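Working notes for the structure below.
The values are calculated or read from the model by the stated rules, or taken from the named source; none is laboratory data. Computed from a predicted structure; not experimentally measured. Heads up, the Cβs are rebuilt from the backbone with ideal geometry, glycines too, and the neighbour counts pull from every protein chain shown.
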Amino acid sequence: MEVRWLEDFLALARTRHFSRAAELQHVSQPTFSRRIKLLEEAMGSTLINRQTLPLSLTPAGEIFRELCERITRDVRDTRDRIAALEAEVSARISVGSTQGLFSHFYQGWAQDAGIAERLQLNLNATSWVGEQFLEALDSGECDLVLCYWHPDLPWGGRLTADSYDWLVLARESLVPVSVADDHRHPRFALPGSPEQPVPLIAYHSRGFLQSAIEGHLARSRLTANLLPLNENTQSASIKALVKQGFGMGWLPRRMTEKSEQFGSLVRAGDESWDVPLEIRLIRLRDTRSDDLLTLWNKLEEAYAS
């Protein structure tokens, strides 16, 4: 039984005439009559008294009409609600974010900026690395990208003012951390030595952060003697291995603050080893989305200073 058959029956109940009802439903009269017959067979009862002029409903038909009105009304209301929901979802602005920023920055920032309800996080983005974020902007897979930024990013040359707009939302830094020994000193401390290099839980070379660390170390007055043991794309994975005592690693300060507060991690070097970062929000300069432009203008005003 289909909803349109119920609508056919209601049309017939209103017009009391097969041909006029068929015309209202935009079907041929034979097709219309066949649908009414199928309804009667499905209900196991005669619904239309065909012996009267005009046609009339049988007592069973009157009961069935009430059911049809209720069902078609519910279907119509539900269809309208779904359409409104889909319109609301389509109006949301899609954001791609690294997993670390989503966990430790995105939600609080979006709430504080009063725009959380207008954003839709693209969960696929938590597995993207490096240049894939700009590729997602270029292809329209997301409208905004929330990411770390450092001048030493290998694909940084692609981020030009001709193609993209960006806002600096916050400053961040990568902090070298290690588990502590019994005296609350780092078990693995920078800079190490050629004879005893410091075991390192590193970032993946294609990600955002490893190139920033390497660039910072290249400019450091001290030489870091490191022994990379492992590569990860996610800060959370590095933090887990560092906390288990496999080596030291650089983590975003926001991720270490709670850990340092409760004593599970300590600094593996002084602030000269900290790697400065920016947290940027990026969009394509050429966009036709009025919703995105309105949101962007609001954020530009908030972060103008």
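Does at least one position in the stretch 142-154 carry a residue that is touching a strand residue (DSSP E or B) at 6+ places or on another chain (Cβ under 7 Å), free of Cβ contacts under 8 Å to residues at least 60 places away in the same chain and not aromatic (Phe, Trp, Tyr)? Don't jump to the end; show me each part of the working.
Here is the first cut: in the stretch 142-154, the residues touching a strand residue (DSSP E or B) at 6+ places or on another chain (Cβ under 7 Å) are 142-150.
Those left that are additionally free of Cβ contacts under 8 Å to residues at least 60 places away in the same chain: 142.
From what is left, the residues that are not aromatic (Phe, Trp, Tyr) are 142.
For the stretch 142-154, residues touching a strand residue (DSSP E or B) at 6+ places or on another chain (Cβ under 7 Å), free of Cβ contacts under 8 Å to residues at least 60 places away in the same chain and not aromatic (Phe, Trp, Tyr): present.
Given 280, 219, 253, which one is assigned by TED's automatic domain parsing to the domain that holds residue 165, surrounded by 15 or more Cβ atoms within 10 Å (Cβ to Cβ) and over 21 Å from the mean Cα position of the chain (by Cα)?
Working: 280 fails: over 21 Å from the mean Cα position of the chain (by Cα); 219 fails: surrounded by 15 or more Cβ atoms within 10 Å (Cβ to Cβ).
Result of the check over 280, 219, 253: 253.
What do you reckon, is residue 171 loosely packed, with under 14 Cβ neighbours inside 10 Å, at positive phi and in the same structural domain as residue 243 (by TED's automatic domain parsing)?
Details: loosely packed, with under 14 Cβ neighbours inside 10 Å: yes; at positive phi: no; in the same structural domain as residue 243 (by TED's automatic domain parsing): yes.
The answer is no for residue 171.
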